[in-house]
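Beneath this line is the structure, given in structure tokens, with notes to follow.
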Amino acid sequence: MASDMFECSFRSSSLQNRSDSMLSSEESQDLLAPPLNTGEGDARTDDDAIGPVDSDLLNTIVTRAVKRAIEPLVTEMKFLKKQNIALDKKLSSVLAKNEAKDKLLKEISAQGDKGVQDLNKLMTSEGVKRLKIMCLRNLDLKAKNEGEVEMLKNFLELANENGWIVKTSATAEKQIIQNFREKRNYLKAQIRLRVFEDLTNKTPEQAVELPKTIKFLRDHLGVTDLSEDCLLVLYHFGYVHRKYLNRKVAPVSDMEKKIAKRAAENPWVLVMERVTVDRETRRDYTTVKERFLGLLNAGHDFEPK
């Protein structure tokens with residue numbers, strides 16, 4: 001019996017010790033755990049731990065970041081601006097030379113053709129219009145060569161038949177021929193000048209319409225719309241100069257080099273050859289216009305040779 005009492009006493013003591021150990025463990029865990037947020041005024045958030053944000057410092061950081069991001073763009077814009085200024089100077093020089101040549105041409109023509117009557121006094125309005133169109137269709141001919149002599153002979157016969165000549169005489173016919181040569185040279189100089197203006201500092205969409213060139217030619221011919229034939233001449237001229245007579249584009253193939261050499265010798269001969277092929281094959285002017293736009297979209301600058 002004494003042993004039973006001892007066993008009970010021993011078990012009771014063990015249970016008590018276990019309970020005390022568990023309590024001590026729980027108390028230890030409570031001491032290690034973070035304090036609970038009870039919603040009272042002494043509660044702290046993560047933002048409180050970081051501290052208040054300095055708005056001036058934030059603005060400075062953002063400003064510096066934006067500046068670093070746009071610096072390459074600003075540098076590129078400055079470079080492009082310098083390029084445009086240089087191109088403008090070159091174009092101005094070319095245009096000035098063309099204007100000087102045009103003025104000299106007029107002076108020489110005036111000196112050589114003293115006493116030549118105004119074409120409007122020699123021919124009817126229809127006759128004047130036909131002669132101007134004939135000038136545009138034959139910009140490659142040289143004065144007094146066989147092709148020009150034959151063409152003018154046929155034109156004068158047609159003019160007499162249709163009553164386009166106000167007063168028929170040998171003197172009048174001679175003066176009509178002199179007017180034809182003068183106007184042809186004038187057209188060659190003016191078309192060149194205006195095409196160069198249309199090709200410089202314009203977007204491809206603007207340049208491909210040749211606005212200044214087409215306006216000039218409409219006014220010169222006295223028409224509201226240019227014919228298919230006239231547009232063929234203008235677009236082939238623009239294409240030849242953009243591709244073969246451009247200092248910014250070097251010919252690559254042997255064929256391109258050969259064409260570029262011919263274009264440099266006499267661009268109008270090459271232009272009118274191409275126009276003749278399109279006339280004979282009945283190819284619409286929009287074909288060469290699309291090819292012209294392709295050159296413009298290639299992104300090369302234009303500097304005439």
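The values are calculated or read from the model by the stated rules, or taken from the named source; none is laboratory data. No experiment lies behind these values; they were computed from the predicted model shown. Ideal geometry is used to build each Cβ from the backbone, glycine not excepted, and the neighbour counts take in all protein chains shown. Heavy atoms of the whole protein, side chains included, go into the accessibility calculation; ligands, DNA and RNA do not. Shrake-Rupley method; radii C 1.70, N 1.55, O 1.52, S 1.80 Å.
Couple of notes before you dig in:
- Qualifying residues in the stretch 159-183 (those that are charged (D, E, K, R) and farther than 24 Å from residue 219 by Cα) - the one least open to solvent (accessible area, probe 1.4 Å): 173
- Any chance residue 224 is among the hydroxyl-bearing types (Ser, Thr, Tyr) and closer than 21 Å to residue 293 by Cβ: no
- Check on residue 252, free of Cβ contacts under 8 Å to residues at least 12 places away in the same chain, open to solvent by 80 Å² or more (accessible area, probe 1.4 Å), farther than 25 Å from residue 100 by Cβ and hydrophobic (A, V, I, L, M, F, W, C): yes
- Test result for residue 225, touching a residue at least 12 places away in the same chain (Cβ under 8 Å) and farther than 24 Å from residue 200 by Cβ: no
- Flag if residue 184 is free of Cβ contacts under 8 Å to residues at least 40 places away in the same chain and assigned to a helix (DSSP H, G or I): no
- Among the residues of the stretch 205-219, the one identified as open to solvent by less than 30 Å² (accessible area, probe 1.4 Å), within 12 Å of residue 296 (Cα to Cα) and either acidic (Asp, Glu) or assigned to a helix (DSSP H, G or I) (or both) is 207.
- Top-ranked residue of the stretch 263-272 - restricted to ones that are assigned to a helix (DSSP H, G or I) and touching a residue at least 12 places away in the same chain (Cβ under 8 Å), ranked as most open to solvent (accessible area, probe 1.4 Å): 264
- Applying the set (1) in contact (Cβ under 8 Å) with a residue 40 or more places away in the chain; (2) among the polar types (S, T, N, Q); (3) in a helix (DSSP H, G or I) to residue 201 leaves exactly one unmet item: (3).
- Number of residues in the stretch 283-302 that are hydrophobic (A, V, I, L, M, F, W, C) and in contact (Cβ under 8 Å) with a residue 60 or more places away in the chain equals 4.
- Among the residues of the stretch 145-200, the ones that are charged (D, E, K, R) and within 30 Å of residue 238 (Cβ to Cβ) come to 12 in all.
- Filter result for the condition that a residue is out of contact with any Leu (no Cβ under 7 Å at 6 or more places or on another chain) and more than 30 Å from residue 299 (Cα to Cα), over 167, 202, 129: 167
- Residue in the stretch 225-247 that is outside any strand (DSSP E or B), closer than 21 Å to residue 87 by Cα and of a type in the set (Val, Ile, Thr) present: yes
- Residue 201 on the phi > 0 side of the Ramachandran plot and open to solvent by 60 Å² or more (accessible area, probe 1.4 Å): yes
- Flag for residue 222 being in contact with a helix residue (DSSP H, G or I) (Cβ under 7 Å, 6 or more places away or on another chain) and surrounded by fewer than 14 Cβ atoms within 10 Å (Cβ to Cβ): yes
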